[in-house]
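The values are calculated or read from the model by the stated rules, or taken from the named source; none is laboratory data. Just so it is clear, the structure is predicted and the values come from calculations on it, not from any experiment. Cβ placement follows ideal geometry from the backbone for every residue including glycine, while neighbour counts extend to all protein chains displayed. Surface accessibility is based on the protein's heavy atoms, side chains included, excluding ligands, DNA and RNA. Shrake-Rupley method; radii C 1.70, N 1.55, O 1.52, S 1.80 Å.
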Amino acid sequence: MAEVITMPKLGFDMAEGTLIEWVKGEGDEVGEDDVIAIIETDKASVEVPALRSGVLRALLVEEGQTVPVGQPIAIIGAADEEIDLEALGVTEAAPEAEAGEVEEAVAPPPEAPPAVERGRLAVSPVARRMAEELGIDLTRVRGTGPDGRIIKRDIEAYLREMEKAPEKAPPPIPTPSHAPAPEGIQVEPMTPMRETIGRRMVESKQQAPHFYITYEIDMEAAMALRQELNALLSEDERISVNDLVIKAAAIALREFPRLNASFAGDEIHIHEQVNIGIAVAREVGLVTAVIRDCDRKPLAQIAREARELVRRVREGRMRPDDMVGSTFTISNLGMFGVEEFAAIINPPQAAILAVGAVRRVPVVTEDGELAVGARMKATISADHRVTDGAEAARFMQAFKRALEEPLRLVL
């Protein structure tokens, strides 16, 4: 039976994506997980795989077209199968209307009741941000998205309507003047990715009441175990310090599930899966890639998946599953020699763990002797709406214990 492929959702605040390339053409045979298209979000280019084997029977979106999440983009089925678009829930695109007709259709009639979601006006994140920046009253905008949801094109159509009728337009919002840059200053425009990172981090710091707890961890036994394991593995299979950190965090999250949670307005969502996002630096900005079920996977498998994820991220060729579904994030700057830092929570998650370098430092033994030891500092940033200091401290104790008794990581 034919199957519809839709624009995937690659993040909780993603509302739309741009199809930048069809890797496969109409009529091509494809296998399950074959890459058929590449889409672009405000963070990265992502490969879209086929959900099953078959023939790519129809391409519903042109290259360069931006469409909402969930909209059909292709149909896959058998070569001789009759495709019934109506049965598949796909409607033929209506002929392009005259500009005036489009604007009339989306103009905000006073009698049109706004769509609501859980008691709030139904608006996509992109449309809401545009409205806030432009000072638009969303109750005056008619939504044309699913179930009347207000999306980006509705805001654009509303602006065109206001330009035609200036007397209806709201008072202009004062904006800072952009004078020419002084001599000796190079101006670099904000990329969509940097804009997204900036917006989300500002929202996180403004809305989530962060608190921070730092622990110093004795890494002597963990580094010795890593050395023993890597002596048995090929260079491509070796385990990094970050792999040890991921596994230790997963063990601690299973013990303290409220740190493996998300804030959702008047609810706290505690996740059954332990899916850890690892922050990967690219030249254009930071991307969080996801390793799933870290509490159930052996250390060697986590190491393989992490290595492959980082490679795909740095090449800018992520898969849809690489970017969504994380329940907790780890940011490790140890490879840059950073001793200690605090990270900003990745919303809507409840916490993020910041990890510094493993350093050889003077330590005092239990016998009171001065010696050289391996130490690493880690700081958890937690959302006080979801957890409190005592619980986060117990989580850090469990994380520390897993690394200081590292056989726990391979059991």
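Residue by residue through the range 246-276, note down the ones that are closer than 21 Å to residue 299 by Cα, open to solvent by less than 60 Å² (accessible area, probe 1.4 Å) and assigned to a loop (DSSP other than H, G, I, E, B). Scanning the range 246-276 gives 256, 260, 274, 275. Annotation note: Cβ proximity below 8 Å between a residue of the range 61-74 that is of a type outside the set (Gly, Ala, Ser) and a residue that is open to solvent by 70 Å² or more (accessible area, probe 1.4 Å) and in a loop (DSSP other than H, G, I, E, B) (sequence gap 6+ or interchain) occurs for 69/9.
Restricting the range 132-150 to residues that are at pLDDT 80 or above and of a type outside the set (D, E, K, R), which is farthest from residue 71 (Cα to Cα)?
Checked the range 132-150; the qualifying residue farthest from residue 71 (Cα to Cα) is 139.
If you go through the range 139-159 and keep only what is more than 22 Å from residue 72 (Cα to Cα) and open to solvent by 20 Å² or more (accessible area, probe 1.4 Å), you end up with 139, 140, 142, 156, 159.
When residue 192 is tested against (1) modelled with pLDDT of 85 or more; (2) open to solvent by 40 Å² or more (accessible area, probe 1.4 Å); (3) farther than 17 Å from residue 353 by Cβ; (4) out of contact with any Lys or Arg (no Cβ under 7 Å at 6 or more places or on another chain), just one condition goes unmet, and that condition is (1). Taking the criterion of being within 20 Å of the chain's Cα centre (by Cα) and free of Cβ contacts under 8 Å to residues at least 40 places away in the same chain, the residues of the range 344-358 that qualify are 352, 354. The residue that is modelled with the lowest pLDDT, counting only those in the range 292-326 that are open to solvent by less than 30 Å² (accessible area, probe 1.4 Å) and among the charged types (D, E, K, R), is 322.
Here residue 361 does not fit the description of being free of Cβ contacts under 8 Å to residues at least 60 places away in the same chain, open to solvent by 10 Å² or more (accessible area, probe 1.4 Å) and in contact with a Pro (Cβ under 7 Å, 6 or more places away or on another chain).
Find the residue count for the range 54-76, including only residues that are open to solvent by 40 Å² or more (accessible area, probe 1.4 Å) and not in a strand (DSSP E or B). Count: 8. Within the range 231-259, residues that are in contact (Cβ under 8 Å) with a residue 12 or more places away in the chain and more than 18 Å from residue 309 (Cα to Cα) sit with their Cβ atoms under 8 Å from residues that are in a helix (DSSP H, G or I) and open to solvent by 60 Å² or more (accessible area, probe 1.4 Å), at 6+ positions apart or across chains, in these pairs: 248/408; 251/408; 256/394. Of the set (1) surrounded by 15 or more Cβ atoms within 10 Å (Cβ to Cβ); (2) at pLDDT below 90; (3) farther than 24 Å from residue 340 by Cα, all apply to residue 281 but (3). Being modelled with pLDDT under 95 and open to solvent by less than 30 Å² (accessible area, probe 1.4 Å) is the filter here, so list the residues in the range 199-227 that pass it. Within the range 199-227, 200, 204, 208 qualify. The combined condition, being part of a strand (DSSP E or B) and either of a type in the set (D, E, K, R) or out of contact with any Gly (no Cβ under 9 Å at 6 or more places or on another chain) (or both), is fulfilled by residue 279. Applying the condition of being outside any strand (DSSP E or B) and β-branched (Val, Ile, Thr) to the range 335-356 and asking which residue is least open to solvent (accessible area, probe 1.4 Å) yields 345. Exactly one residue out of 408, 375, 401 is under 23 Å from residue 229 (Cα atoms) and open to solvent by less than 50 Å² (accessible area, probe 1.4 Å): that is 375.
Please determine whether any residue of the range 374-389 is of a type in the set (A, V, I, L, M, F, W, C) and assigned to a helix (DSSP H, G or I). No; the residues of the range 374-389 include none that is of a type in the set (A, V, I, L, M, F, W, C) and assigned to a helix (DSSP H, G or I). Taking (1) at pLDDT 80 or above; (2) farther than 22 Å from residue 5 by Cα in turn, residue 61 satisfies each apart from (2).
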